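The values are calculated or read from the model by the stated rules, or taken from the named source; none is laboratory data. Model, not experiment: these values are computed from the prediction. Here the Cβ positions follow ideal geometry from the backbone for every residue, glycine too, while neighbour counts run over all protein chains shown. SASA here: full protein model, heavy atoms, side chains in, ligands and nucleic acids out. Shrake-Rupley method; radii C 1.70, N 1.55, O 1.52, S 1.80 Å.
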Amino acid sequence: MSRSLDRAMRSAVLVLAMLPVVAMALGRAATPEEIKAWDIDVRPDFTGLPAGSGTVAEGEVLWEAKCASCHGSFGESNSVFAPLVGGVTRKDLETGRSATLASDAPTRTALSMSPTVSTLWDYINRAMPWNAPQSLSTNEVYAAVAYLLNLSDIVPADFTLDQNSIREVQKRMPNRNGMVLFPGLWNRKGKSDVIATACMKDCAKSIAISSALPEHARNAHGNLALQSREWGPVRGANTEVAAGTGATAPIKLAAKQASTAAAARKLAEGGGCLGCHGLNAGIVGPGMSQVAAKYRGDAAAAAKLAAKIRAGGAGVWGEIAMPPQRGPSDEELKALVDWILSGAASE
Amino acid sequence: MSEQTDRRGRIRPAPENFLSRAQIAEVSAGRRDFLRKAMLAASAGVAAPAALAASGDPAILEKQVWGATLGKPVASDAYGLPSKHEANLVRRESPGLASVGGASVAFTPLQGLFGIITPSGLHFERHHQGWQDVDPAKHRLMINGLVKTPKVYTMDDLLRFPSVSRIHFLECGANSAMEWANTAVPTVQYTHGMLSCSEWTGVPLKVLLDDCGIDLKKAKFIYAEGADGSHQNRTIPLEWALDDVIVAYGQNGEMLRPQQGYPLRLVVPGAQGVSWIKYLRRIEVGDQRWNTKDETLHYADLMPDGSTRQYTSVQEAKSVITSPSGGQVMLDRGMHTISGLAWSGRGKIKRVDVSTDGGRNWQTASLGSLVLDKALTRFQLPWQWDGGPAVLQSRAVDETGYVQPQMRQLREVRGTRSVYHNNAIQSWKVTETGEVFNVQIA
């Protein structure tokens with residue numbers, strides 16, 4: 001009996017004690033080319049980092065073309081996702097602790113948080129740009145990382161990042177000493193740091209409510225009457241009316257709005273609009289609620305926008321053009337425009 | 001029954017508040033007459049049983065359409081869907097939480113669910129780069145690194161192994177994150193809805209690692225990676241990987257749903273969701289941690305001193321009352337059943353206590369018949385609501401003796417900016433009108 005067969009049998013006995021013991025060797029050996037194609041991870045010690053190089057200047061050009069639309073020209077935008085850059089001081093580069101993270105209002109960015117430069121390289125290489133992952137060359141990834149590092153003054157403007165210089169960069173990462181491993185939550189046998197007891201009687205002298213939602217936020221998640229079962233001993237509260245008033249009627253309106261909004265949102269998703277337009281923030285095109293704000297009170301807007309969406313075009317929000325949208329029917333297009341102009345609510 | 005209507009403090013919500021979807025449609029279509037009838041029925045059924053004392057309940061006395069007509073044939077709904085009367089219970093986003101739907105979360109409507117299993121279509125969604133519907137014929141699992149033979153498995157290969165099926169909860173590490181500093185969202189769907197529990201079927205990871213000849217002398221960690229655009233990746237301790245981690249393809253008796261990683265995902269019992277890599281394409285065995293993006297920039301817990309805890313993977317014991325819960329209204333005083341969920345990433349739930357007076361006094365709830373390891377556990381407590389104000393809380397104790405803490409106790413140690421791992425006791429305030437609100441207790 002071969003050793004691997006023996007091992008397979010032992011594991012079978014261990015894990016599947018109830019099943020008949022059989023050799024389970026299945027699958028096949030991976031080829032070196034296959035491993036090379038998929039084994040993309042880069043560890044903190046730079047195992048897995050391919051050779052290559054990119055300059056800050058190259059990175060800036062690449063950034064404008066492929067990253068700035070979502071992250072802003074300086075990685076500062078929070079319209080699509082949290083800012084990548086910011087919160088790093090020169091002192092942090094010396095101490096290796098991002099001081100902002102200990103403040104009352106910490107600036108959490110990719111650069112202020114990351115202890116390791118490998119993390120940025122690995123992530124951009126595996127997943128960015130968001131809408132075209134793994135489309136960058138190795139040198140482009142080096143260039144993008146170099147540009148990000150320069151924005152936080154970790155490297156100078158004439159820097160070239162490559163598989164060797166990246167090791168020097170690691171010694172200047174602003175939060176390189178900021179991470180701790182807490183065994184209590186790393187492993188299921190770990191002990192917690194928050195120890196409570198299960199008191200059963202007279203456990204507190206006074207009970208005071210320290211936080212509650214303000215009345216004006218009552219309907220911020222949409223009408224809660226439409227978010228619980230319609231029958232049964234508890235129902236969703238009609239949040240279109242003030243708490244405790246038991247007033248009537250508006251639910252009718254809400255239900256109708258909610259269902260047309262949900263249908264329009266589905267159209268926008270299915271029609272690919274939301275790939276370029278966020279509900280609130282812009283992506284490639286403007287955010288839907290930005291469009292609503294721009295055309296508020298403009299009676300001609302609905303017809304104008306329907307025509308624009310159909311024909312495509314640029315110049316109103318920037319230089320990037322919207323391609324002609326031929327997918328939605330005329331009726332669907334009208335529903336989409338109404339929905340956008342009413343603020344593109346997600347419910 | 002009839003004398004109940006005269007009791008002081010009885011809740012009589014206007015029935016218009018509780019029109020059903022169908023009734024609303026009728027009203028919108030201009031059928032006022034229908035509305036009048038519906039309101040009569042509603043006030044009869046809900047608020048004033050005395051009104052129908054003479055003849056009886058129209059639901060009984062009148063013929064109903066379902067009892068007087070022929071029903072629909074088999075397979076008219078080939079993949080069965082819930083009743084139209086359940087249309088309110090769907091996954092929802094929390095407005096303003098994320099700006100793009102591809103890097104967002106849709107929460108499970110816990111307020112309407114029973115038992116411990118989450119229907120697959122209501123399992124919460126969390127994607128970093130949208131969801132994909134991967135072709136199983138082209139999906140491969142590679143295992144490489146510190147193994148004797150790096151291997152590739154097709155889905156066909158994986159289905160030839162004997163499988164295990166286990167019921168485990170899956171909770172996002174950021175569940176309840178919005179509530180660290182103050183109350184922020186109205187209902188249990190948004191406070192706790194990044195939570196689900198399914199029966200997962202697949203091959204124990206240990207079997208596959210053994211099949212590749214894992215080098216147990218050198219190996220310390222496992223790395224898992226997805227096939228979708230995010231190529232999501234996480235480090236897992238070897239000890240955990242060899243214990244009960246499953247390479248899963250099944251969810252509640254069918255294949256995984258695309259939003260849950262079809263056709264293959266990792267199941268890491270007790271760990272936060274981000275470790276349960278979806279669209280699993282590769283496992284690497286290694287001797288160092290990887291510091292991936294979602295174990296450094298996110299899913300890492302900021303402490304009051306500015307240090308960040310990495311690799312916080314275990315979901316500590318937690319519980320929440322799902323009915324009655326925030327954003328709901330209790331229609332009447334008297335007998336109710338408080339019902340909720342408890343779970344622990346360290347093992348089984350031992351006990352759940354419930355308080356109706358904001359934590360002054362506690363009673364032990366009864367646990368459902370299924371009390372499983374690292375699974376949701378249903379608890380219940382009958383409650384006579386006297387119509388007065390109340391604050392409902394639940395507190396879980398797991399088999400290690402760990403007691404679910406109060407918000408205050410968590411903050412004392414971890415501050416308010418940790419984002420992840422908020423397992424505090426949840427408080428729901430009940431007012432005299434029967435409305436239930438999300439509150440925090442000092």
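Extension gain for residue B:79-residue B:199 works out to 41.2 nm (0.36 nm per residue, less the C-alpha to C-alpha distance). The alpha-carbon atoms of the range A:255-346 define a convex hull whose volume equals 88 cubic angstrom per residue. The coefficient of translational diffusion for chain B, derived via Stokes-Einstein from the alpha carbon Kirkwood radius under 25 °C and 0.890 mPa s, stands at 102 µm²/s. Identify all lysines with a Cα-Cα distance to residue B:348 below 18 Å; exclude those on the same chain that are fewer than 8 residues away in sequence. Excluding near neighbours in sequence, the set is A:189, A:191, B:318, B:374.
Between rounded, prolate and oblate, where does the range B:343-442 land on the alpha carbon gyration tensor, with a ≥ b ≥ c its root eigenvalues, rounded for a/c under 1.5, else prolate if a/b exceeds b/c? Cα axes put the range B:343-442 in the oblate bin.
Based on the reciprocal of the average 1/r between different C-alpha atoms, the Kirkwood radius for chain A equals 26.0 Å.
For the range B:174-190, putting each phi into the Karplus relation 6.51 cos²θ - 1.76 cosθ + 1.60 with θ = phi - 60° gives couplings of 9, 4, 6, 4, 5, 9, 4, 9, 6, 5, 9, 9, x, 10, 5, 4, 8 Hz, in residue order, rounded to whole numbers and with x for Gly and Pro.
Amide H contacts of residue B:199 (H built 1.01 Å from N, in plane; Pro and chain starts excluded): B:252 sit under 5 Å, all sequence-distant by 5 or more or on other chains. Is the shape of the range A:40-170 rounded, prolate or oblate, going by the alpha carbon gyration tensor and its root eigenvalues a ≥ b ≥ c, with a/c under 1.5 for rounded and a/b larger than b/c for prolate? Verdict is oblate for the range A:40-170. Within straight-line reach of residue A:334, meaning a Cα separation under 20 Å, sit the following aspartates and glutamates at least 8 residues removed in sequence or on another chain: A:269, A:298, A:347. By the rule of a C-alpha distance below 16 Å, with chain neighbours fewer than 8 residues away ignored, the lysines paired with residue A:171 are A:91.
Which residues make up the longest stretch of chain B clear of GluC sites (Glu not before Pro) that lie in a DSSP loop with no more than 14 other Cβ atoms within 10 Å, not counting the sites?
Details: sites that count: B:62, B:432.
Result for the longest clean stretch: B:63-431.
Simple spin-label estimate for residue A:89 and residue A:45 gives 3.5 nm between the two label positions (7 Å along the Cα-to-Cβ direction from each Cα). Under a 1.4 Å probe, what is the accessible area of the protein assembly as shown per residue, stated in Å²? With all protein chains present, the protein assembly as shown gives 43 Å² per residue. If a spin label sat at a point 7 angstrom from the Cα of residue B:217 along the line to its beta carbon, the backbone N atoms of the range B:143-165 nearer than 16 Å would be those of B:146-149.
Over all other residues within a Cβ to Cβ distance under 15 Å of residue B:364, the charged ones net out to +3, with Lys and Arg as +1 and Asp and Glu as -1. Each part gets one Cα centre, and for the range B:217-248 versus the range A:103-158 those centres are 24 Å apart.
Placing +1 on the Cβ of every Lys and Arg and -1 on the Cβ of every Asp and Glu, with no other charges, gives the range B:190-302 a dipole of roughly 220 debye about its Cα centre.
Between the helical axis of B:32-42 and the longest alpha-carbon principal axis of chain B there is an angle of about 80 degrees. Residues whose amide H lies under 5 Å from that of residue A:155, counting only those 5 or more places away or on a different chain, are A:150; hydrogens are built 1.01 Å from N in the peptide plane. The distance between label points at residue B:412 and residue A:36 comes to 5.9 nm (points 7 Å beyond Cα on the Cα→Cβ vector).
Each part reduced to its alpha carbon centroid, the range A:271-347 and the range B:71-120 end up 28 Å apart.
Computed from phi, the 3J(HN,Hα) profile of the range B:341-358 under the Karplus parametrisation 6.51, -1.76, 1.60 (θ = phi - 60°) reads 10, 9, 7, 8, x, 9, x, 8, 7, 8, 7, 10, 9, 10, 10, 10, 10, x Hz, with x in place of Gly and Pro. Taking the accessible area of the range B:318-439, probe 1.4 Å, and keeping the other protein chains in place, the carbon and sulfur fraction comes to 49%. Residues considered: B:191, B:377, B:364. Largest GNM mean-square fluctuation over chain B, using C-alpha springs under 10 Å, is found at B:364. When shorter helices are ignored and each DSSP H run of at least 4 residues is given -39500 (n - 2.57), the per-residue value for chain A at 222 nm works out to -11000 deg cm²/dmol.
Mean-square fluctuations from a GNM of chain A, with a 10 angstrom spring cutoff on Cα atoms, peak among A:284, A:145, A:180 at A:180. Across the range B:132-141, computed HN-Hα scalar couplings (Karplus, 6.51 cos²θ - 1.76 cosθ + 1.60, θ = phi - 60°) run 10, 10, 6, 6, x, 5, 10, 8, 10, 10 Hz from first to last residue, x flagging Gly and Pro.
Kindly give the semi-axes, whole Å and largest first, of the ellipsoid equivalent to the range B:328-373, taking each as the square root of 5 times a Cα gyration tensor eigenvalue. Intermediate values should be presented prior to the final figure.
Working: eigenvalues 119, 38, 19 Å².
Calculated on Cα positions only, the semi-axes equal 24, 14, 10 Å.
Taking amide H as placed 1.01 Å from N in the peptide plane, residue B:365 has its amide H under 5 Å from the amide H of B:352, B:353, B:354, each at least 5 places away in sequence or on another chain. Ranked from largest to smallest solvent-accessible area, with a 1.4 Å probe on the protein heavy atoms, A:273, B:212 come out as A:273, B:212. Basic side chains Lys and Arg get +1 at the Cβ, acidic Asp and Glu get -1 at the Cβ, and with that the dipole of the protein assembly as shown about its Cα centre reaches some 1120 debye. Shown for the protein assembly as shown is the translational diffusion coefficient from the Stokes-Einstein equation, using the Kirkwood radius over Cα pairs, a temperature of 10 °C and a viscosity of 1.306 mPa s: 55 µm²/s. GNM remark for chain B: springs join alpha carbons under 10 Å apart, and the peak mean-square fluctuation among B:247, B:100, B:371 falls on B:100. Mean separation of Cα pairs under 8 Å and 6 or more residues apart, divided by the residue count, gives chain A a relative contact order of 13 percent.
Tell me which trypsin sites (Lys or Arg not before Pro) from the range A:280-325 have a DSSP coil assignment and no more than 13 other beta carbons within 10 Å of their own. Before the final figure, lay out each step's value.
Values: sites: A:294, A:296, A:304, A:308, A:310; in loops: A:296.
The qualifying sites are A:296.
Largest first, the residues A:239, A:95 sort by 1.4 Å accessible area into A:95, A:239.
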